[in-house]
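Engineer: Right, I'll just put the structure down here and ask away after.
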Amino acid sequence: MSAPAGQAVPLLLGLAIGPTIAAVVIGIVMVVAGIRLVTTDNVVHAAISLMGVLAGVAATFMLLGAEFLGWTQVLVYIGAIVVLFLFGVMLTRARLGEADLDAPVAQRWAAAGTAVLVFGLLTTVFVKVFGSAEITVVTGQAPREPGALTSPTTAADLAHDLFRDWVLPFEAVSLVLLAALIGAIVLARRDDREHTRPRVARPEIEVIDEEIGRGGET
Amino acid sequence: MSDYYENYLTIFLFVLVGLGLFGAMIGVARLLQPRRQTAAKLATYECGVEAEGDWWTQQHVRYYVFALLFVVFDIEAAFIFPWATVMGSIADAWAVLVEMFVFIGILVVALAYVMRKGLLRWM
């Protein structure tokens with residue numbers, strides 16, 4: 001990110017010092033939280049570590065000037081998705097800390113492979129798309145060209161892109177949300193019916209409850 | 001851009017001061033308090049009633065529907081914020097208004113479905 005002339009951002013080796021230090025600190029926090037997330041034996045601790053990782057993502061967004069996106073990350077991911085995870089944990093039958101969370105070795109290798117692939121893919125895409133792109137720093141209330149790489153990005157900039165160029169994906173989001181809700185209801189309803197039915201087919205109930213417990217965790 | 005970072009630096013300093021105050025209060029209390037633990041003092045305190053039963057209870061799945069409803073409408077709200085900031089100034093204001101109402105309409109269908117299935121009633 002380059003600062004316009006007259007804007008005093010202290011530079012070291014061509015990097016703005018403050019934001020660079022912040023980026024490194026955020027990165028360290030995220031890596032520590034990420035390692036804790038996959039190594040802990042307690043699902044609730046894993047969810048709390050996930051909160052740390054997501055907070056780091058939000059902080060990175062804010063550091064890059066995507067203020068609205070950063071706060072949305074806090075609201076939606078930390079405020080809602082992690083809560084959903086914790087609800088999922090509460091719904092399972094397995095007692096906390098007693099479930100065996102260690103994945104089989106084959107699964108670990110698959111996970112490691114996926115992680116490397118995703119990292120490689122994202123790095124390639126970002127370098128190919130944004131490799132030499134300059135972000136224009138906007139100060140004050142300067143008007144913004146549609147689709148231009150500017151920083152900071154305000155909620156209004158985002159809205160202009162969203163409601164002008166990305167209307168269809170935006171409407172598709174509501175359909176995805178609708179599908180998620182209907183899916184959850186199908187799962188929950190089946191459970192309710194099983195509970196009100198006289199308990200004769202006991203093994204069947206067990207199987208269905210386990211299914212729902214697993215569905216809640218994902 | 002500098003202003004932008006300076007604003008966040010202020011917030012960051014406030015957070016640091018807050019954490020410092022919290023740490024100082026807990027730290028002073030820790031230094032000054034006499035520590036004589038007895039079984040009664042270490043017991044789990046719950047509103048003056050003795051805690052009983054298992055610590056782990058499986059919650060009913062109906063909570064999940066409420067949590068998911070919250071997520072869905074949280075995301076809806078996240079989209080309404082930027083929309084609200086440009087409604088007064090955007091070029092095709094009517095088209096944008098209709099776009100948002102289509103979006104909200106689809107989610108109202110979801111809400112109607114939940115209501116029809118009786119999941120908003122606390123059975």
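The values are calculated or read from the model by the stated rules, or taken from the named source; none is laboratory data. Nothing here was measured: the structure is a model prediction, and the numbers come from that model. Cβ sites come from the backbone with ideal geometry, for glycine too, and all protein chains shown count toward neighbours.
Engineer: Kindly check whether there is at least one residue in the range B:48-63 that is surrounded by 10 or more Cβ atoms within 10 Å (Cβ to Cβ) and in a helix (DSSP H, G or I).
Structural biologist: Taking the range B:48-63 first, the residues surrounded by 10 or more Cβ atoms within 10 Å (Cβ to Cβ) are B:51, B:56, B:58-63.
Remaining after also requiring in a helix (DSSP H, G or I): B:62-63.
Yes, the conditions are met somewhere in the range B:48-63.
Engineer: Can you pull out the residues in the range B:109-123 that are assigned to a helix (DSSP H, G or I), aliphatic (A, V, I, L, M) and facing chain A (nearest Cβ under 10 Å)? Let's see the steps before the verdict.
Structural biologist: Step one: list which residues in the range B:109-123 are assigned to a helix (DSSP H, G or I), which gives B:109-116.
With the extra rule that they be aliphatic (A, V, I, L, M), the set shrinks to B:109-112, B:114-115.
Of everything in the range B:109-123, those that are assigned to a helix (DSSP H, G or I), aliphatic (A, V, I, L, M) and facing chain A (nearest Cβ under 10 Å) turn out to be B:VAL109, B:ALA110, B:LEU111, B:VAL114.
Engineer: Can you tell me how many residues in the range B:66-108 are of a type outside the set (A, V, I, L, M), within 28 Å of A:LEU91 (Cβ to Cβ) and more than 8 Å from chain A (Cβ to nearest Cβ)?
Structural biologist: Qualifying residue count, the range B:66-108: 2.
Engineer: Another question, if that's okay. Can you find a residue that is within 14 Å of another protein chain (Cβ to nearest Cβ) and farther than 24 Å from A:GLY79 by Cα anywhere in the range B:37-54?
Structural biologist: First pass over the range B:37-54, keeping only residues within 14 Å of another protein chain (Cβ to nearest Cβ): B:53-54.
Cutting the leftovers down to farther than 24 Å from A:GLY79 by Cα gives us B:53-54.
Checked against the condition, which is being within 14 Å of another protein chain (Cβ to nearest Cβ) and farther than 24 Å from A:GLY79 by Cα, the range B:37-54 yields at least one hit.
Engineer: Return yes when B:LEU13 is surrounded by 10 or more Cβ atoms within 10 Å (Cβ to Cβ) and either modelled with pLDDT under 90 or part of a helix (DSSP H, G or I) (or both) and no when it is not.
Structural biologist: Yes; evaluated as a whole, the condition is true for this residue.
Engineer: Separate question: Hey, can you tell me all the residues within the range A:109-137 that are among the aliphatic types (A, V, I, L, M) and under 15 Å from A:LEU64 (Cα atoms)?
Structural biologist: Initially, the range A:109-137 is screened for residues among the aliphatic types (A, V, I, L, M), giving A:110-112, A:115-118, A:121-122, A:125, A:127, A:129, A:133, A:135, A:137.
Within the range A:109-137, A:ALA133, A:ILE135, A:VAL137 meet the criteria.
Listed here are the residues, each with its yes/no results for (1) free of Cβ contacts under 8 Å to residues at least 12 places away in the same chain; (2) among the aliphatic types (A, V, I, L, M); (3) outside any strand (DSSP E or B); (4) not assigned by TED's automatic domain parsing to the domain that holds B:LEU111.
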{"residue": "B:ALA67", "(1), (2), (3), (4)": "yes, yes, yes, no"}
{"residue": "B:GLU76", "(1), (2), (3), (4)": "no, no, yes, no"}
{"residue": "B:PHE81", "(1), (2), (3), (4)": "yes, no, yes, no"}
{"residue": "B:ALA91", "(1), (2), (3), (4)": "yes, yes, yes, no"}
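Engineer: So which of A:ALA33, A:ALA47, A:ALA59 ends up being closer than 16 Å to B:PHE12 by Cβ, of a type outside the set (Val, Ile, Thr) and part of a helix (DSSP H, G or I)? Spell out the reasoning first.
Structural biologist: Numbers: A:ALA33 fails: closer than 16 Å to B:PHE12 by Cβ; A:ALA47 fails: closer than 16 Å to B:PHE12 by Cβ.
After applying the criteria, what remains is A:ALA59.
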